[in-house]
Amino acid sequence: MKRKLPILLLFCILLTGCWDQHLMKNAILVQILSYDLEDNDDFLLGVSIPIIEDPSGGAQALVQSETFSAVGLTPRDSRKKIAREISGTLDTSKNKLILFGEQMAATDIYPSLDVIWRDPRNSLGATLGIVEGKAVDLLKIKPKHKTNVSEYIQDALTSAEENTIVPNETIQTLASELLDPGEDVVLPYLKSNSKKSAIVVGLALMDERKYSGNLSPQDSTLLLLLKDKIGKYARFTTKVNDEEEFDINNYISFSVQQLKRKLKVQVNDGVVSVYLNLNVKINIEEYPKGDVPEQINRLNEVLSKELTTDADRVINTLQQANCDAFGIGRRLMAFHPKTWEMQDKKDYFKNVKFTTKVKVDVISHGIVM
């Protein structure tokens, strides 16, 4: 043992301690980041942090939220100012959401994300979203049924993903698409309502890295189906009758059960044509007029026509916003490189000729006739 003692002492001298400590007891966890532009073009950063309170006489802690904001030259500069207001170190390793106000998103979202990608401690699993008006205002809402704003908004986005209103994507999965000249991203579009709650109101369309338009919830669902993406549910309500006096009898509600999408890109004399066919099999969930079995053929025809018209409108909105959500440019690069070289890289998508067809088949209608 005496012989081993000098060796052990030598090891203790040679061994080094941890040079880069990040103690969680000193960390203030950030759950939401918001980016905005002030009227004078100053940068405004907002953060939402959890506040844990022990309710009197209760066994479970109550998690609430508190919002801090600061104006600075860059996100890092604003973050330094916020850090001076709190007793601890801001830690974004558990961040769940990054929200951009409309004005900020219309300029360019990439520079604000630069600091996220450079710091290895930042969370790459955070969800991106665009907020109507200022994003920092969404952090200040007070939902009655949930005290933690971050969990509340995240639950709203999860519900929207399940209902095929927004795609399931994170800052990590979107990184390559944001830098891809042949494809544009779509992001969740949120706003606060009169009840001081946050609601998902559809998709925000991006022209490269700039916000350029938005879609309603039902149009957002249709776009995701046209992109061959579907969540747990995909529900629609549309008009199929015109002759009834009682308005409720004019509408039908249905959910998509099966989906098959075909997209073909052709080039002829420099003109890019896209043929997009969508076949959906649906379940009738509500049809107040009844008699579905006797009207299946008519309903198939009417719904196919209506959804085809809606699809044309959605694609027209995409082209007005210059948002290549289908990645047509990426296909041109891969299969028609010479055509891609001749394209206007900024506005090529506006000149693409789309031929769209949606075919609907009713496969179930419940137990009621």
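For residues that are out of contact with any Phe, Trp or Tyr (no Cβ under 9 Å at 6 or more places or on another chain) and of a type outside the set (A, V, I, L, M, F, W, C), scanning just region 249-271, find the one that is farthest from Thr339 (Cα to Cα).
Among those that are out of contact with any Phe, Trp or Tyr (no Cβ under 9 Å at 6 or more places or on another chain) and of a type outside the set (A, V, I, L, M, F, W, C), it is Asn250.
Could you list all residues from region 299-341 that are closer than 22 Å to Val280 by Cβ and without any contact (Cβ under 8 Å) to a residue 24 or more places away in the chain?
Glu301, Lys305, Thr309, Asn316
Being surrounded by fewer than 18 Cβ atoms within 10 Å (Cβ to Cβ) and either out of contact with any Lys or Arg (no Cβ under 8 Å at 6 or more places or on another chain) or over 12 Å from Leu226 (Cα atoms) (or both) is the requirement here; does Asp344 meet it?
Spelling it out, Asp344 is indeed surrounded by fewer than 18 Cβ atoms within 10 Å (Cβ to Cβ) and either out of contact with any Lys or Arg (no Cβ under 8 Å at 6 or more places or on another chain) or over 12 Å from Leu226 (Cα atoms) (or both).
Residues in region 190-219 that are in contact (Cβ under 8 Å) with a residue 40 or more places away in the chain, in a strand (DSSP E or B) and of a type outside the set (S, T, N, Q): how many?
Count: 14.
Return yes when Glu169 is part of a helix (DSSP H, G or I), buried (at least 16 other Cβ atoms within 10 Å of the Cβ) and not polar (S, T, N, Q) and no when it is not.
Spelling it out, it is not the case that Glu169 is part of a helix (DSSP H, G or I), buried (at least 16 other Cβ atoms within 10 Å of the Cβ) and not polar (S, T, N, Q).
For region 347-361, how many residues meet the condition of being within 30 Å of Tyr287 (Cα to Cα) and either modelled with pLDDT under 95 or surrounded by fewer than 17 Cβ atoms within 10 Å (Cβ to Cβ) (or both)?
The qualifying residues number 3.
Out of the residues in region 243-255 that are in contact (Cβ under 8 Å) with a residue 40 or more places away in the chain and assigned to a strand (DSSP E or B), which is surrounded by the fewest Cβ atoms within 10 Å (Cβ to Cβ)?
Here the answer is Phe254.
Among the residues in region 264-286, are any out of contact with any Gly (no Cβ under 9 Å at 6 or more places or on another chain) and of a type in the set (Lys, Arg)?
For region 264-286, residues out of contact with any Gly (no Cβ under 9 Å at 6 or more places or on another chain) and of a type in the set (Lys, Arg): present.
Residues that are modelled with pLDDT of 95 or more, in contact with a Lys or Arg (Cβ under 7 Å, 6 or more places away or on another chain) and under 30 Å from Ala334 (Cα atoms): does region 261-271 have at least one?
The answer is yes; a qualifying residue exists.
When Lys264 is evaluated against the numbered criteria (1) surrounded by fewer than 18 Cβ atoms within 10 Å (Cβ to Cβ); (2) in contact (Cβ under 8 Å) with a residue 24 or more places away in the chain, which criterion, by number, is the only one it fails?
(2)
Could you look through region 215-242, keep only residues that are more than 19 Å from Ala160 (Cα to Cα) and in contact with an Asp or Glu (Cβ under 9 Å, 6 or more places away or on another chain), and pick out the one that is surrounded by the most Cβ atoms within 10 Å (Cβ to Cβ)?
Only one residue fits best here, namely Val240.
Check every one of the helices (runs of 4 or more DSSP H) wholly within region 264-369 and list those with 1 or more residues that are within 27 Å of the chain's Cα centre (by Cα).
Where helices (runs of 4 or more DSSP H) fall fully within region 264-369 and carry at least 1 residues being within 27 Å of the chain's Cα centre (by Cα), they are 292-320, 328-335.
The values are calculated or read from the model by the stated rules, or taken from the named source; none is laboratory data. Just so we're clear, the structure is a prediction, and the values are computed from it rather than from any experiment. Glycine also receives a Cβ, built like all others from the backbone with ideal geometry; neighbour counts cover every protein chain displayed.
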